[in-house]
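Worksheet: one structure, shown below.
The values are calculated or read from the model by the stated rules, or taken from the named source; none is laboratory data. These numbers come from a predicted model, not from an experiment. Positions of Cβ are backbone-derived with ideal geometry, glycine not excepted, and every protein chain shown enters the neighbour counts. To get the accessible areas, we keep the full protein, side chains included, count just its heavy atoms, and leave off ligands, DNA and RNA. Shrake-Rupley method; radii C 1.70, N 1.55, O 1.52, S 1.80 Å.
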Amino acid sequence: MRLRPAAVVAGGLLALSAAACTGSSDPDPTTTPSAPSATPGLDGETVSVLGLWSGPERDTFAAVTGTWEDATGAAVDWTGSRDLAGDLAAAVAAGDPPDVAVLPNPGLLDDLVRDGAVLPLDDLLDPAAVARDYPATWTELGTVDGALYALPVKATDRSTVWYSPAAFDAAGYPVPATWDDLVAWAGDAAADGRTPLSVVAPRGPGSGWALTDGVASLLLGGCGPGTYDAWVAAEVPWSEECVRRSFDRFLDLVTAPGRVLGGVPAILTTGDAEGVLPVFTDPPQAYAYPMASFAQAFVADAYPDLVPGVGYDWFAFPAVDPALAGAVTVGADLVVALRDTPAARSFLAYLTGAEAQARWAGLGGYASVNRGVPAAAYPDAVARSVAEHLAGADVVRFGAGDAMPPVVQAAWSQAMLALVRDPGSLDRVLASLTAVAADAADR
C-alpha cells in the first residue's frame with residue numbers, strides 16, 4: 001500500500017494549514033528542504049510502519065514520507081493501530097514484526113528492549129549525525145542501558161500556558177516567571193474581580209490527564225529530575241514530602257474560590273478545545289489556560305483572525321524553583337526499528353533527519369527537536385517558539401503519566417477528578433496510588 005496518494009497529501013495540507021497557519025503575519029519559510037538523495041537498489045522495496053496516527057496526523061506523515069518514496073522508488077506500507085502494544089506483541093510473537101514502529105510514549109520502549117524486539121539505532125544510523133542533530137537531553141529519553149533505541153520524530157510541549165498578550169497588557173499583568181509569581185497574580189486578578197484561569201479535565205477516555213500534567217510540571221520544576229524519576233519509577237512513595245507538596249500546590253490553586261472559571265464543576269465538564277475559548281473573548285472571561293502545545297490548533301481554529309504571537313501566545317509553566325526554569329515535561333512520538341533492511345535504514349535516516357522534519361514543520365501542528373530544522377521552516381512565530389523551547393530545554397522528561405505503567409496512569413487520572421472535588425482526601429488518595437504503583441512495579 002503506497003501511502004502517498006495525491007488526495008491524502010492535499011487533505012493533510014488543508015487540514016493543518018487551517019489549524020496552525022491561519023492568521024500568521026510571518027513571511028513564508030525561506031528555506032525549502034531539498035529532496036532526499038536516492039538510495040540505489042530500493043526501487044520497488046517496501047518499508048512497513050506501525051503506529052497510532054490517523055486523520056490529519058497520518059495525512060501529514062504521508063505528505064512527508066511521499067518525498068522519500070519519490071526519491072527512492074520504495075513505498076511506505078503504513079498500518080494504523082488502536083492497540084499498539086498488543087499488535088506489536090502479536091507481530092513479534094508471529095515472527096513478522098514491522099520494519100519500523102512509532103511509539104506514542106516511552107511506556108513500551110523498555111519492554112521491547114527487554115524482549116529483544118527492537119534494534120539499537122547506533123547500528124542503523126550515523127551516530128555522528130544523531131549527536132549533531134539531537135540534544136543529549138532528548139537522546140537520553142530513547143536510551144536504554146547505554147544504547148540508543150528510539151529518537152523523537154514529533155514532540156509536544158506539556159509545559160505551556162496560553163494567554164492573550166493584549167488582555168494582559170490592558171490589565172497591567174506581567175507574565176509570571178515563577179510559581180510564586182503565578183499564585184500572586186492569580187490572587188490579585190481574583191481580588192480585581194477577574195477570573196485568572198481556565199482549567200479543564202477534558203471529557204472522554206482518561207479524563208483527568210490534563211490535571212496530571214499540572215502536577216507533573218510542578219513536581220519536575222519544584223523537586224528536580226532526581227525525585228521526579230524516582231517517583232515515576234515507584235522508588236519513592238506518592239506521600240514523599242516534595243511529591244505531596246506538588247499536589248498541594250496544584251490543588252490549592254485550582255480549587256481556591258474565584259481562581260478558575262466556573263470552579264470545580266467547569267473543570268470536570270469542559271473539553272480541552274473548549275477550555276481555551278474564554279481566554280480570547282472580549283472582554284476575557286479568563287486570562288490563562290494551562291494546556292499542552294497542541295492547544296495552538298484549538299486557538300487557531302476558533303479564532304482564525306488572531307495573529308500568532310500577537311493575538312495569542314504562550315508562556316512556560318512556571319517552575320517552583322527558579323534554578324529549574326529550564327525543565328520541561330513533554331510528549332513525543334518515538335521511532336524504533338524492529339527489522340534491519342536497506343530500505344528501513346534509508347527510511348529511518350530520512351525520517352529522523354532535518355529534511356523530513358522541516359517539511360513536516362511547514363505543514364503546521366508540528367514541533368521538531370532536530371537542531372538542523374531551520375526556524376524559517378515553521379509557519380508562524382508561536383510554532384517556532386514552542387520548538388525552540390523544546391530543543392533548548394535544560395531538563396526534559398516525559399509527562400509522568402506517559403512514563404508510568406498504564407494501570408498507574410489510569411488510576412492517577414481518575415484520582416485527580418476525585419481530588420479536585422475533595423482536596424481533603426489527598427493523604428488517602430496518595431496512599432492508594434502508592435499501592436497501585438508498587439503493585440505495578442512488582443509485576
Filter region 419-430 for residues that are closer than 16 Å to ARG245 by Cβ and touching a residue at least 60 places away in the same chain (Cβ under 8 Å); the one that is most open to solvent (accessible area, probe 1.4 Å) is ASP427
Those residues of region 109-155 which are among the charged types (D, E, K, R) and within 23 Å of GLN357 (Cβ to Cβ) amount to ASP122, ASP123, ASP126, ARG132, ASP133, GLU140, LYS154
The condition of being hydrophobic (A, V, I, L, M, F, W, C), at pLDDT 90 or above and within 29 Å of ALA381 (Cα to Cα) holds, among LEU52, LEU42, LEU13, LEU88, only for LEU52
Of those in region 200-233 that are touching a Leu at 6+ places or on another chain (Cβ under 8 Å) and not in a helix (DSSP H, G or I), the residue surrounded by the most Cβ atoms within 10 Å (Cβ to Cβ) is ALA201
Check your understanding: Does region 405-416 contain any residue that is open to solvent by 30 Å² or more (accessible area, probe 1.4 Å), free of Cβ contacts under 8 Å to residues at least 24 places away in the same chain and outside any loop (DSSP other than H, G, I, E, B)?
Key -> no
Over region 385-402, the set of residues open to solvent by less than 40 Å² (accessible area, probe 1.4 Å) and either within 20 Å of PRO237 (Cβ to Cβ) or assigned to a loop (DSSP other than H, G, I, E, B) (or both) is ALA393, GLY399, ALA400, GLY401
The helices (runs of 4 or more DSSP H) lying wholly within region 245-346 that contain at least 2 residues that are open to solvent by 20 Å² or more (accessible area, probe 1.4 Å), farther than 20 Å from ASP180 by Cβ and free of Cβ contacts under 8 Å to residues at least 24 places away in the same chain are 263-269
ALA129 meets each of (1) surrounded by fewer than 22 Cβ atoms within 10 Å (Cβ to Cβ); (2) over 25 Å from the mean Cα position of the chain (by Cα) with one exception, condition (2)
The one condition VAL183 fails out of (1) over 26 Å from HIS389 (Cα atoms); (2) surrounded by fewer than 20 Cβ atoms within 10 Å (Cβ to Cβ) is (1)
Being surrounded by fewer than 17 Cβ atoms within 10 Å (Cβ to Cβ), free of Cβ contacts under 8 Å to residues at least 12 places away in the same chain and either in contact with a strand residue (DSSP E or B) (Cβ under 8 Å, 6 or more places away or on another chain) or not in a loop (DSSP other than H, G, I, E, B) (or both) narrows ALA435, ALA440 down to just ALA435
When ALA191 is run through (1) open to solvent by 50 Å² or more (accessible area, probe 1.4 Å); (2) within 18 Å of the chain's Cα centre (by Cα), the failure sits at (2)
Scanning region 88-111 for residues that are surrounded by fewer than 17 Cβ atoms within 10 Å (Cβ to Cβ) and acidic (Asp, Glu) gives ASP96, ASP110, ASP111
Only one of THR156, THR137, THR143 is among the polar types (S, T, N, Q), closer than 30 Å to THR281 by Cβ and either open to solvent by 70 Å² or more (accessible area, probe 1.4 Å) or under 26 Å from the mean Cα position of the chain (by Cα) (or both), namely THR156
All-but-one check, GLY365 against (1) part of a strand (DSSP E or B); (2) modelled with pLDDT under 95, failing number (1)
